1. May I ask you to say which residue of Ser360, Ser355 is modelled with pLDDT of 95 or more, buried (at least 20 other Cβ atoms within 10 Å of the Cβ) and farther than 18 Å from Phe275 by Cβ?
2. Taking only pairs six or more apart or across chains, which ones have beta-carbon atoms under 6 Å, a first residue in the stretch 36-64 that is closer than 15 Å to Ala247 by Cβ and of a type in the set (Lys, Arg), and a second residue that is modelled with pLDDT under 95 and outside any helix (DSSP H, G or I)?
3. Return the total of residues in the stretch 1-33 being under 23 Å from the mean Cα position of the chain (by Cα) and of a type in the set (Ser, Thr, Tyr).
4. Suppose we filter the stretch 169-226 for residues that are of a type in the set (Val, Ile, Thr) and modelled with pLDDT under 95; how many remain?
5. If I go through the stretch 77-107 residue by residue, how many of them are out of contact with any strand residue (DSSP E or B) (no Cβ under 7 Å at 6 or more places or on another chain), away from the ligand (no atom under 14 Å from the Cβ) and either within 15 Å of Tyr343 (Cβ to Cβ) or at pLDDT below 95 (or both)?
6. Starting from the stretch 158-187, take each residue that is outside the structural domain of Leu245 (by TED's automatic domain parsing) and list its partners that are assigned to a strand (DSSP E or B) and away from the ligand (no atom under 15 Å from the Cβ), counting only C-beta distances under 7 angstrom and pairs at least six apart or across chains.
7. Evaluate the stretch 309-321: report whether one residue or more is touching a residue at least 24 places away in the same chain (Cβ under 8 Å) and among the β-branched types (Val, Ile, Thr).
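The values are calculated or read from the model by the stated rules, or taken from the named source; none is laboratory data. Everything numeric here is computed off the predicted structure, so don't read it as measured data. Cβ atoms come from the backbone with ideal geometry, glycine included; neighbour counts cover every protein chain shown.
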Amino acid sequence: MSAKKDFLIFGSPKIEREEIREVVRTLKSGWLGTGPRVARFEEMFRALKGTRFAMAVNSCTAALHLAMLAIGIRPGDEVLVPAMTFAATANAVIHAGGRPVLVDCDRRTMTLSLEDMEKKITPRTRAVIPVHFAGRPCAMNGITELAGRHGLKIVEDCAHAIEAEYHGKKTGTFGQIGCFSFYVTKNIVTGEGGMAVTDDGEYAGRFKTLALHGMSRDAWKRFSDEGYRHYQVVDAGFKYNMMDLQAAIGIRQLPRIEKYRRRRAAVWKRYDEAFASLPVFLPPPPEPDTRHALHLYTLLLDIERLRISRDQFLQSMTEAGIGVGVHYIALHLHPYYRETFGYRPGDFPGAEWVSQRTISLPLSPKLSDRNVRAVIAAVTRIVRENS
Ligand SMILES: *Cc1c(COP(=O)(O)O)cnc(C)c1O
């Protein structure tokens, strides 16, 4: 099926000439796999976050999985995960042998409810994975305080939140490990790709070894001109390494991260102004002394005041030629988590409230002013016709 002409694809990334040229140079260099460009991308990201280590992998999902293993999650361990997140956050815990224990979210910020988090802590709880939802930093003061009191480790899911800060501190640096995504719809893209940052040398070492078959460090250098070196397999690892072909895109995208954010901020402001008087809940303004990464513009439809459901709204937007997203249907409503962990509708009222009302509008820096006007016109028309 081909996309209809003029259909505005949700989350379509902005790809510019420099990354195209860098990819071509990489192809011509003959070194496509993990190599010097990955090392450079890691160094750039490490400098951006100001951490001691940055480790590139082929997805944020892989980063989350390895983070769970690096901090020592084992069968029987419980890890707190927001009910309002993407499946990868919970699946990382499961693949490490642990049990994801879901936590409700605040209805408006869509981030972890501290009150519910405290209730879900048991003697088996080992860690928490805060998700900086839509780019909005979680209440990290409360989370680190609670985690400290109960001896929990923190792995941040920063898939939405490369640029976010909380009280002057960068997201991804609050706990043991921070995980980032460069998937096609994210703020910076490499096609598929992820990164983990940490200040802990032991976690970094274990992470890097597991990311490449469990081979002893820097095994990728074994074919370089430094001479053949034998590797040793020291663990049963995975194939999670990033390719130079992917890093080629990343090293050209990363310097534009603030420019792209400024464009999204301008679109965000126009949406806020255009929708202020409609029966919808706008994304709440950022908390004082925080920086929002502006990843998803999520409208919450005031369905009590509309004659159509969110799903009918999605359909109408698609018919108007505008691609939209749903972030997310809460995890406990999906069959796997219901059947495996016994969750039921009603268990997480905040996350369900969001699940029924949320709709994400296009926010890519690629949007033209004309595109933005088309989105505003479609939302306004559909709301007016149905309220
Ligand atoms: C996209 C996303 C992931 C997974 O990222 P990938 O790089 O696609 O594996 C994890 N968590 C959240 C919240 C995400 O949005």
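1. That would be Ser355, the only listed residue that is modelled with pLDDT of 95 or more, buried (at least 20 other Cβ atoms within 10 Å of the Cβ) and farther than 18 Å from Phe275 by Cβ.
2. Note: no pairs meet the criteria.
3. Quick first cut of the stretch 1-33, residues under 23 Å from the mean Cα position of the chain (by Cα) only: 8-16, 19.
Remaining after also requiring of a type in the set (Ser, Thr, Tyr): 12.
Total satisfying the criteria: 1.
4. If we filter the stretch 169-226 for residues that are of a type in the set (Val, Ile, Thr), which is where we start, we get 171, 173, 177, 184-185, 188-190, 197-198, 209.
With the extra rule that they be modelled with pLDDT under 95, the set shrinks to none.
Counting residues in the stretch 169-226 that are of a type in the set (Val, Ile, Thr) and modelled with pLDDT under 95 gives 0.
5. Restricting attention to the stretch 77-107, the residues satisfying the condition of being out of contact with any strand residue (DSSP E or B) (no Cβ under 7 Å at 6 or more places or on another chain) are 86-88, 91-92, 95-97, 104, 106-107.
From the residues that got through so far, the ones that are away from the ligand (no atom under 14 Å from the Cβ) too are 96-97, 104, 106-107.
This time we only want the ones that are either within 15 Å of Tyr343 (Cβ to Cβ) or at pLDDT below 95 (or both), so: 104.
Residues meeting the conditions: 1.
6. Partner pairs satisfying both residue conditions: none exist.
7. For the stretch 309-321, residues touching a residue at least 24 places away in the same chain (Cβ under 8 Å) and among the β-branched types (Val, Ile, Thr): absent.
Yes/no per residue for (1) without any contact (Cβ under 8 Å) to a residue 60 or more places away in the chain; (2) assigned by TED's automatic domain parsing to the domain that holds Phe174; (3) away from the ligand (no atom under 16 Å from the Cβ):
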site: Met110; (1), (2), (3): no, yes, no
site: Arg126; (1), (2), (3): yes, yes, yes
site: Gly135; (1), (2), (3): no, yes, no
site: Asn141; (1), (2), (3): yes, yes, yes
site: Leu146; (1), (2), (3): yes, yes, yes
site: His150; (1), (2), (3): yes, yes, yes
site: Glu156; (1), (2), (3): yes, yes, no
